[in-house]
1. Between B:E189 and B:L254, what is the spin-label point distance in nm, taking each point 7 Å from the Cα along the Cα→C-beta axis?
2. Could you please report the charge total around B:L25, scoring K, R as +1 and D, E as -1 over all other residues with beta-carbon less than 13 angstrom from its beta-carbon?
3. Could you calculate the FRET efficiency of B:T276 with B:N38 from 1/(1 + (r/R0)^6), where r is the beta carbon distance between them and R0 is 41 Å, rounded to 0.05?
4. Of all the accessible heavy-atom surface of the range A:3-48, with the other protein chains kept in place and a 1.4 Å probe, what percent is carbon and sulfur?
5. Given charges of +1 on the Cβ of Lys and Arg and -1 on the Cβ of Asp and Glu, with all other atoms neutral, how large is the dipole of the range B:25-66 about its Cα centre, in debye to the nearest 20?
6. Using a probe of 1.4 angstrom, how much of the accessible area of chain B is carbon and sulfur, in percent?
7. Please report the antiparallel percentage of the DSSP beta bridges confined to chain B, to the nearest 5.
8. In terms of Cα to Cα distance under 30 Å, which lysines are near enough to B:K230, apart from those fewer than 8 places away along the same chain?
Amino acid sequence: MSVPRFWRRLKNLYNLIGTRCEKCNEYYYPPRNMCPKCRRSGLMVPFKFKGFGEVLTYTVMHSSTKDYAKQTPYILAIIKLDEGPNLTSQVICSHKDIHIGMRVKSTFRRLGEESERGMIYYGTKFVPLINPSKEF
Amino acid sequence: MRDVAIVGVGCTEFGELWDRSFRELFVEAGISAIEDANIQGGEIDALYVGNMSGGRFIEQEHLGALIADYAGLASLNIPSTRVEAACASGGLALRQGIVAVASGYHDIVIAGGAEKMTDVDVQITTDALAAAADREWEGVMGATFPGLYAMIARLHMHKYATTQEQLACVAVKNHHNGTMNPKAQFQNEISIETVLNSIMVADPLHIYDCSPITDGASAVVIAPAEIARKYTDTPIYVKASAQASGTLALHDRLDITTLDATVAAASRAYRMAKVTPGDIDFAEVHDCFTIAEICAIEDLGFVRKGEGGPASLSGMTAIGGKIPINPSGGLKACGHPVGATGVKQAVEVALQLRGEAGRRQIDGAEIGLTHNVGGSGGTAVVHIFSREK
């Protein structure tokens, strides 16, 4: 992605900031500027997610696009955040441990890079929540 | 709205066609459709060109004008429109052509699709295809299409005990059908072991679970039903043309293993054609990955949700089975030039209904369905065709 396009999303990608509709109280990540439920009558405000969730489904990527080929094999997953919404991200853990239903928490990591001289992307990935008792 | 028929079909061979360009492929498919319908260029009222990513694959946009020009129709100033909905671009171009004739706005329309995917490096192709997903919230996280469908497969296996063998048998069946299609990219038999022993792309999908990268083009001639017999003795009537949208990103689906857009488009199509899934004799479905065919036969209502794996293994979807799926070889074996695929499906259904499908002919085929998907399910297009008016 181009620099402006990534820059525009920095706070969302770095800090897991999405949106919440004040009218229906639905949470959205990725952020939306219109609530799909309330549409024009909704009121969207920024919302910082706690970063806890569980793995809904996953795959181990053995082949990828040029920006991500160097990282293979990596775990791509859809994660259900505790507040409700699902997002796509990577889980950093042993390929033997990853499973559907695994509890995870967010972490700030390098996502990828365009080339040796291009931009480096940072954002949110997930790691296993080793000690669930310290969750909140 | 008036009834519409397909009066001519054409298709290039599918494969790595390094010696032919995008424009040559489209013109070849268009000419064979026009000759099949026995019409003259001057009779054509409009062109619809399905294409996903000319900009990335051949660094060429403005494809409507390009095709009109190289089809020799620029001197007649015939309107030509490019239609894009990722891998459903072809199905959508077909639908635009049908809508244009049904509305009475045009009489004779060419709807075609083409994609030239092998002119660039495979990683660029993969990245261009990834543009059909949500670039900002899927692509940037390292998602590719095999990755997204692998996550569908993983959850399907978890929820319904679908096995890798069941996935693999979809590829085996489609390769078998491909051996009987002289236009197919792959015309060789494979076994379940071939699939399971092939390299892993995105776990649990092996490379033989994935449709290939393909060059190719296909086209049909659409006419009002009342004058269809002027052009052919075997018009194929369009009983339904339905389209539906779903969420762009896979993670926003209510159920990751259900393509809501397919369910919605199919239900609209069945209502429009006044048929049920049980009335469909055979279907060309969007098997971009083996799991996609399993989801398709469920979401189209041929089997219940979760039963697509065992149904595929049972032979129900083979030619000669209860509901033959992808007699052409599907995207998996016939090939998947993304913009051409949705039109090629209609070409196959027309050939089957006309009884001209050669060794892969389905006996007594009366009603056929096509199912074309964009991305992981952001767009779905379903058409139902019949021999009977």
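The values are calculated or read from the model by the stated rules, or taken from the named source; none is laboratory data. None of these values were measured; they are calculated from a predicted model. Counting neighbours? That spans all protein chains shown, and the Cβs are built from the backbone with ideal geometry, glycine included. Just so you know, the surface numbers come from the protein's heavy atoms only, side chains and all, with ligands and any DNA or RNA stripped out. Shrake-Rupley method; radii C 1.70, N 1.55, O 1.52, S 1.80 Å.
1. Reported label-point gap for B:E189 and B:L254 is 4.4 nm.
2. Net charge around B:L25: -3.
3. 0.70
4. 52
5. 180
6. After summing per-atom areas, the C and S share lands at 51 percent.
7. Once the DSSP bridges in chain B are tallied, antiparallel ones form about 75 percent.
8. The qualifying lysines are B:K183, B:K239, B:K274, B:K344, B:K389.
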